[in-house]
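**Q** Take this structure first; my questions come after.
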Amino acid sequence: MTLIGAPVRRVEDERLLTGRGRFVGDMVVKGVGEGGTIGAPAAVANATADALAPLGIDITELPMTPDRLFTLIHQREKRETP
């Protein structure tokens, strides 16, 4: 039994033939694509804050740039050294 080259019975969708079909462009999905990207920065900020909390470092300003985190850590080290 070979399927390659065999005729296939065509099936028509009545909704599409009569203009009652629904298409992706017909749906109202405003803001749906943003859901997967908005949570990531908050998760990173919370993880960073949790990691620095045992050192007594509180993050009070955003954005959390590497330079700002580096400065916070070194300021904490300077307070601890006699």
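**Q** Please find, within region 54-77, the residue that is farthest from P41 (Cα to Cα) out of those that are outside any loop (DSSP other than H, G, I, E, B) and of a type in the set (S, T, N, Q). Explain how you work it out, then say what you get.
**A** If we filter region 54-77 for residues that are outside any loop (DSSP other than H, G, I, E, B), which is where we start, we get 54-55, 66-77.
Cutting the leftovers down to of a type in the set (S, T, N, Q) gives us 71, 75.
Details: T71: 21, Q75: 25 Å.
Ranking the qualifying residues of region 54-77, first place goes to Q75.
**Q** Of L16, L52, L62, L69, which residue is surrounded by 10 or more Cβ atoms within 10 Å (Cβ to Cβ) and at pLDDT below 90? Don't jump to the end; show me each part of the working.
**A** Working: L52 fails: at pLDDT below 90; L62 fails: surrounded by 10 or more Cβ atoms within 10 Å (Cβ to Cβ); L69 fails: at pLDDT below 90.
Testing whether each residue is surrounded by 10 or more Cβ atoms within 10 Å (Cβ to Cβ) and at pLDDT below 90 leaves just L16.
**Q** Within region 33-41, can one find any residue that is hydrophobic (A, V, I, L, M, F, W, C) and part of a helix (DSSP H, G or I)?
**A** Initial filter on region 33-41 (hydrophobic (A, V, I, L, M, F, W, C)): 38, 40.
With part of a helix (DSSP H, G or I) added as a condition, the list becomes 38, 40.
Yes, because at least one residue in region 33-41 is hydrophobic (A, V, I, L, M, F, W, C) and part of a helix (DSSP H, G or I).
**Q** Looking at region 28-42, can you tell me whether even one residue there is surrounded by 10 or more Cβ atoms within 10 Å (Cβ to Cβ) and at pLDDT 85 or above?
**A** no
The values are calculated or read from the model by the stated rules, or taken from the named source; none is laboratory data. These numbers come from a predicted model, not from an experiment. FYI the Cβ positions are ideal-geometry reconstructions off the backbone, even for glycines, and counts take in every protein chain you see.
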